[in-house]
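Computed from the coordinates by the stated procedures, all read-outs in this text should not be read as laboratory data. Source: prediction; values computed, not measured. Here the Cβ positions follow ideal geometry from the backbone for every residue, glycine too, while neighbour counts run over all protein chains shown.
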Amino acid sequence: QITEGVSEISECALASSIWEYCIFVPFIAMVITMSLIAILRVNPVFRLYVDVAIELLTVSTAGPCIPNPCKNDGTCEVIANSGRGDVFNEYVCKCQPGFEGAHCHINVNDCANQPCKNGGLCRDLDGDYTCHCPSPYIGKQCQLRCISLLGMEEGGIVESQISASSVHSGILGLQHWGPELARLNNQGLVNAWSSAPQDSNPWIEVNMQKKMRLTGIITQGASRMGTAEFVKAFKVASSFDGKSYTVYRVDGQRKDKVFLGNTDNDGTKTNLFDPPIVAQYIRVIPVVCRKACTLRMELVGCELNVGCTNPLGMKSRLISDVQLTASSSFRTWGIDAFTWYPFYARLDKQGKTNAWAAANNNRSEWLQLALEKPKRITGIITQGAKDFGVVQFVSAFKIASSDDGQSWSIVKDQITRTDKIFQGNIDNNTHKKNLFEPPFFARFVRFLPWEWHERITVRMELLGCDD
């Protein structure tokens, strides 16, 4: 239309030889038209007609998809012309999941097909749904069971992780009923934790060393000097930092939950937390005890990222070579054939050059993974390597993430809010697993070496899932 306008002005100029008239009159006409539209739109009666006219004008020039008539992020596609010049009259809206209708304006009841399993209660959302899962079930559809024994009985929870308000010392101090003995089914003459007789507010606590999902507890008493002792009732408190504690309450209740404990010294009693507890520190607070507050126990739960710690493809090569880049690559003896490329950084890779190694030992080096699409990243497994007999590994590192590969965010420590420094490897071959709490969504992930032995060298696997 620009060329047509120029042509009209040229014809006007030739006919009248008055340029001012040719340019000024159309300008005045445009000003009058816009002013008239503004005046008419002030009146509610005329506003609708003016808007419709403008919309029809827009449709005739830009098509029916501008502006987008589809609601809820639906995609508008023109499917046919009316045959009247450039006037479009047919389009279709491609709706996002959870919406339907000609203009994607109808919210589908996503709970109609009962997606929640194991007694989960479904709540419909705009374009989605959520399941309220009964303990110990978790997951999008309550399809996962969070019932792992967390290590009191088997020793996965070490002695230094267990503490208590006090300890009973029997037989002139020769018997020490310490918290480290509070392991389910522990055997021996002294085989449980027992609080001191003068302790009026006893407790025993486990530091899980990271945030975990706790879905239950198994308790057990013990026999001391032939006398059955056990906890008949107790409360549970939790904390993220070991300083500020919250006593467990059932949703909607204003009183602390009191759990029923044991009825003898050797039987076990299981109590579930519904809803689960998410915490690093879990504290058992005896309320009623028989003879003495004596306890053996096991904690039940799972990691926060259960169901989303799948290998994303470094070892399996689902992540291709071209998706791996680095700041630099080391060449042993300067020989190209012994280059430690970024695409060698695959967990358990074998060969003479079987890892990524940086050309320089400094904290500006990095290894980057570019995923095909954003994923939920929940952890990383790292491993060192040997360069002709020399053990090399990264002993500490940071992690950065990005959506576009340009702007980066370093994973932060949830307590200090500073850059999180992860513990790396201690040798060339052992796997070291670190989980990200909380997980993050990203398409690009960078491994940032912070400390190393001999040379920055790493093999790895990234953990996560699609959602």
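Structural remarks
- Applying Stokes-Einstein at 4 °C and 1.567 mPa s to the Kirkwood radius of segment 310-465, computed over alpha-carbon pairs, gives a translational diffusion coefficient of 85 µm² s⁻¹.
- Spin-label model distance (nm) - ASP124 vs CYS111, 7 Å beyond Cα toward Cβ: 0.9
- Computed from the alpha carbon atoms alone, the convex hull of segment 168-209 holds 84 Å³ per residue.
- Separation of segment 286-344 from segment 115-194 is 23 Å, based on Cα centroids.
- Spin-label zone in segment 189-214 - amide nitrogen under 11 Å from a point set 7 Å from the Cα of GLN175 along the C-beta vector: 189-192, 194
- Sequence-ordered 3J(HN,Hα) estimates for segment 165-182 from the Karplus curve with 6.51, -1.76 and 1.60 and θ = phi - 60° stand at 5, 6, 9, 7, 10, x, 6, 6, x, 7, 9, 10, 8, x, x, 5, 8, 7 Hz, glycine and proline given as x.
- Column: log10 I(q)/I(0), Debye, Cα scatterers of segment 181-306, q = 0.14, 0.17 Å⁻¹: -0.58, -0.85
- For HIS176, residues with placed amide H under 5 Å, excluding near neighbours: GLY170
- Amide H contacts for ASN429 (H built 1.01 Å from N in the peptide plane; partners 5 or more residues away or on another chain; cut-off under 5 Å): GLY384.
- Length added when fully stretched, VAL78-THR246, from 0.36 nm per residue minus Cα-Cα: 54.8 nm
- Annotation: extensible slack from LYS257 through GLN423 equals 56.0 nm (criterion: 0.36 nm per residue apart, minus Cα-Cα distance).
- Phi angles of segment 448-465 translate, via the Karplus equation with coefficients 6.51, -1.76, 1.60 and θ = phi - 60°, into HN-Hα couplings of 10, x, 10, 9, 7, 10, 6, 8, 4, 9, 8, 10, 7, 9, 9, 10, x, 7 Hz per residue; Gly and Pro are given as x.
- Residue-wise HN-Hα coupling along segment 210-216, computed from phi with Karplus coefficients 6.51, -1.76, 1.60 (Hz; x: Gly, Pro): 6, 5, 10, 9, 9, 10, x
- Zone residues, segment 235-255, relative to ASP274, backbone N less than 12 Å from point 7 Å out along Cα-to-Cβ: 251
- One Cα centroid belongs to segment 426-464, the other to segment 202-278; the line between them spans 35 Å.
- Sequence ranges 124-136, 248-260, 398-410, ranked by mean other-Cβ count within 10 angstrom, highest first: 124-136, 398-410, 248-260
- Loop-located GluC sites (Glu not before Pro) in segment 99-206 (DSSP state other than H, G, I, E, B) with a sparse environment of at most 14 neighbouring Cβ atoms within 10 Å: GLU154.
- As a proxy for reagent exposure, ranking ARG376, ARG417, ARG283 by other Cβ atoms within 10 Å from fewest up yields ARG417, ARG376, ARG283.
- For MET212, the amide hydrogen comes within under 5 Å of the amide hydrogens of ALA279, GLN280, counting only partners 5 or more places away or on other chains and with H modelled in the peptide plane.
- Computed FRET value (nearest 0.05) for ALA396 with ASP348, which takes r as the C-beta separation and R₀ as 22 Å: 0.50
- Over segment 158-315, Cα pairs under 8 Å with separation of 6+ residues give a relative contact order of 30 percent.
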